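S.K.: The structure follows.
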Amino acid sequence: MPKNIKIIGVGSYLPEKILTNVDIEKIVDTTDEWITERTGIKERRIARKDQATSDLGIEAAKKALEDASVDPKELDLILVATITPDMSFPSTACIIQDKLGAENAAALDISAACSGFVYGLVVCHSLICQGQYKKVLLVAAETLSKITNWEDRGTCVLLGDGAGAVVVTSCDCENEGLLASSLGAIGSAGKLLYLPAGGSRNPATHETIDEKMHYLRMQGNELFKVAVKSLVDAAKDVMQKAKVTSEDIALFIPHQANVRIINATAKRVGIPKEKVFINVNKYGNTSAATIPIALNEALRAGRIKKGDLILLDAFGGGLTWGAVLLRW
Ligand code: ACO
């Protein structure tokens, strides 16, 4: 049986349209100054009307496959982390499987909101190390703009669209790959961030549309506190499991929701600013996609070298949280 997994290809895709804070000032009662100070976000990308989540995911997937020199037909599993699937079913993973021509791959969506990519890596680890799957494509793709209430200044300033993808395979090297993981959920806090309608609880009716129940709802300040605690606990847990300290971490890639959440977490975990990757200023919160987009940018910027210890850490709707420690 394989001992571990490794990432052999990374890619990302961001829609072309940029929506700046100044543009948002014209839509809701807010200011560039408020958004910058409270969140660190300056702009975000918005998908075209005709672009669904799979369209973003497929672009990121193609780049990751090219980076890994893997043909889609070699894939035996496709996982897609998303809370904005093209439709309830077929899964976005099946839609991407078809568009890629990855006919030998099984396909499955993962619903863990912003923690979806980290959850996905742990699923990859389990399935690959169990010996049944050899080459897995993990995509995280979101079109949050399509579930955003553009009249709600408490949420619309935070969110954006984008996708990231990795190709994962087995690895028999000692002390390489995924060294430790920690996943968790706090279902009782689910109402801090949720989409009320469109499922079997509240199927679409004229009333659900009038009440704007097909848009994401969030209690931002309550979520903020849980977010920092979950991120800190998960980071400490993986470091303890792998018997490493914060000084050993070469790069910390946290979920990009708010620069204040990132800074508070890094400080409590004991990671200095220069080792923290931040791009929330450019893309806002793209949910599950933030970490693979950041991972791709960090790699292209030369901020990750072979042998580096990378900490990925996320929290999101559910609530869910998770961290993984990777030896690159
Ligand atoms: N512009 C101007 N004022 C605003 C805006 C805005 N865009 N949004 C809220 N305000 C106002 C509020 O109405 C409030 O005014 P009041 O005091 O008169 O009532 C004031 O600003 C303070 O509001 P808070 O919500 O307490 O502000 P806070 O400092 O907590 O910042 C924020 C809000 C940015 C939402 C923050 O709480 C946050 O980032 N929370 C976490 C959000 C998050 O990470 N979500 C993650 C997941 S998203 C996903 O999973 C898809």
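S.K.: So, residue 302, is that one over 15 Å from the mean Cα position of the chain (by Cα), on the phi > 0 side of the Ramachandran plot and at pLDDT 95 or above or not?
M.R.: yes
S.K.: How many residues does region 40-66 hold that are out of contact with any Lys or Arg (no Cβ under 9 Å at 6 or more places or on another chain) and within 16 Å of the ligand (Cβ to nearest atom)?
M.R.: 1
S.K.: To continue, here is another question. Within region 291-301, identify whether any single residue is away from the ligand (no atom under 15 Å from the Cβ) and touching a Leu at 6+ places or on another chain (Cβ under 7 Å), and answer yes or no.
M.R.: Yes, that holds for at least one residue.
S.K.: Additional query: Here is a check on your reading of the model: is residue 208 hydroxyl-bearing (Ser, Thr, Tyr), part of a helix (DSSP H, G or I), within 14 Å of the ligand (Cβ to nearest atom) and farther than 25 Å from residue 80 by Cβ?
M.R.: Numbers: hydroxyl-bearing (Ser, Thr, Tyr): yes; part of a helix (DSSP H, G or I): yes; within 14 Å of the ligand (Cβ to nearest atom): no; farther than 25 Å from residue 80 by Cβ: yes.
In short, no.
S.K.: Could you list, in sequence order, the residues of region 161-196 that are farther than 24 Å from residue 315 by Cβ and in a loop (DSSP other than H, G, I, E, B)?
M.R.: If we filter region 161-196 for residues that are farther than 24 Å from residue 315 by Cβ, which is where we start, we get 167, 169-176.
Answer for region 161-196, where residues must be farther than 24 Å from residue 315 by Cβ and in a loop (DSSP other than H, G, I, E, B): 172, 173, 174, 175, 176.
S.K.: Continuing with the same structure: Since residue 132 meets every condition but one in (1) in a strand (DSSP E or B); (2) at pLDDT below 95, which condition does it not meet?
M.R.: (1)
S.K.: Could I ask something else about it? Restricting to region 219-232, what's the tally of residues that are surrounded by fewer than 18 Cβ atoms within 10 Å (Cβ to Cβ) and either away from the ligand (no atom under 11 Å from the Cβ) or in contact (Cβ under 8 Å) with a residue 40 or more places away in the chain (or both)? Don't jump to the end; show me each part of the working.
M.R.: Applying the first criterion (surrounded by fewer than 18 Cβ atoms within 10 Å (Cβ to Cβ)) to region 219-232 yields 219-222, 224-226, 229.
If we keep only those that are either away from the ligand (no atom under 11 Å from the Cβ) or in contact (Cβ under 8 Å) with a residue 40 or more places away in the chain (or both) too, we end up with 220, 226, 229.
Total meeting the criteria: 3.
S.K.: Which number in (1) of a type outside the set (Phe, Trp, Tyr); (2) within 16 Å of the ligand (Cβ to nearest atom); (3) at positive phi marks the one condition that residue 69 misses?
M.R.: Of (1) of a type outside the set (Phe, Trp, Tyr); (2) within 16 Å of the ligand (Cβ to nearest atom); (3) at positive phi, only one is false for residue 69: (2).
S.K.: Another question about this same structure. Can you tell me which residues in region 258-317 are closer than 14 Å to residue 10 by Cβ, of a type in the set (Gly, Ala, Ser) and open to solvent by less than 10 Å² (accessible area, probe 1.4 Å)?
M.R.: 289, 294, 298
Each row is one residue, and each column tells you yes or no for (1) closer than 19 Å to residue 296 by Cβ; (2) in the same structural domain as residue 260 (by TED's automatic domain parsing); (3) among the acidic types (Asp, Glu); (4) open to solvent by 20 Å² or more (accessible area, probe 1.4 Å).
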position	(1), (2), (3), (4)
92	no, no, no, no
104	no, no, no, yes
108	no, no, no, yes
117	yes, no, no, no
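S.K.: What number of residues within region 109-129 satisfy the criterion of being farther than 24 Å from residue 285 by Cβ and not hydroxyl-bearing (Ser, Thr, Tyr)? Lay out the reasoning, then the answer.
M.R.: Of all residues in region 109-129, those farther than 24 Å from residue 285 by Cβ come to 125-129.
If we keep only those that are not hydroxyl-bearing (Ser, Thr, Tyr) too, we end up with 125, 127-129.
The total comes to 4.
S.K.: Which residue out of 84, 53, 39, 20 is among the polar types (S, T, N, Q), outside the structural domain of residue 255 (by TED's automatic domain parsing) and more than 23 Å from residue 116 (Cβ to Cβ)?
M.R.: After ruling out the rest, the residue left standing is 20.
S.K.: Can you list the helices (runs of 4 or more DSSP H) found entirely within region 14-86 that contain at least 2 residues being touching a strand residue (DSSP E or B) at 6+ places or on another chain (Cβ under 6 Å)? Before you say what the answer is, go through the steps one by one.
M.R.: Details: elements: 21-25, 32-39, 53-68.
The qualifying helices (runs of 4 or more DSSP H) are 53-68.
S.K.: Quick check on this structure: which one of 17, 73, 63, 3 is open to solvent by 20 Å² or more (accessible area, probe 1.4 Å), more than 22 Å from residue 292 (Cβ to Cβ), among the basic types (Lys, Arg) and modelled with pLDDT of 95 or more? I'd like the intermediate steps shown before the answer.
M.R.: Values: 17 fails: more than 22 Å from residue 292 (Cβ to Cβ); 63 fails: more than 22 Å from residue 292 (Cβ to Cβ); 3 fails: modelled with pLDDT of 95 or more.
Of the residues listed, the single one that is open to solvent by 20 Å² or more (accessible area, probe 1.4 Å), more than 22 Å from residue 292 (Cβ to Cβ), among the basic types (Lys, Arg) and modelled with pLDDT of 95 or more is 73.
The values are calculated or read from the model by the stated rules, or taken from the named source; none is laboratory data. What you see is a predicted model; the values in this text were computed from it and never measured. Using ideal geometry, Cβ is built from the backbone for each residue, glycine included, and neighbour counts are taken over all protein chains shown. The accessibility values were calculated without ligands, DNA or RNA, using every heavy atom of the protein model including side chains. Shrake-Rupley method; radii C 1.70, N 1.55, O 1.52, S 1.80 Å.
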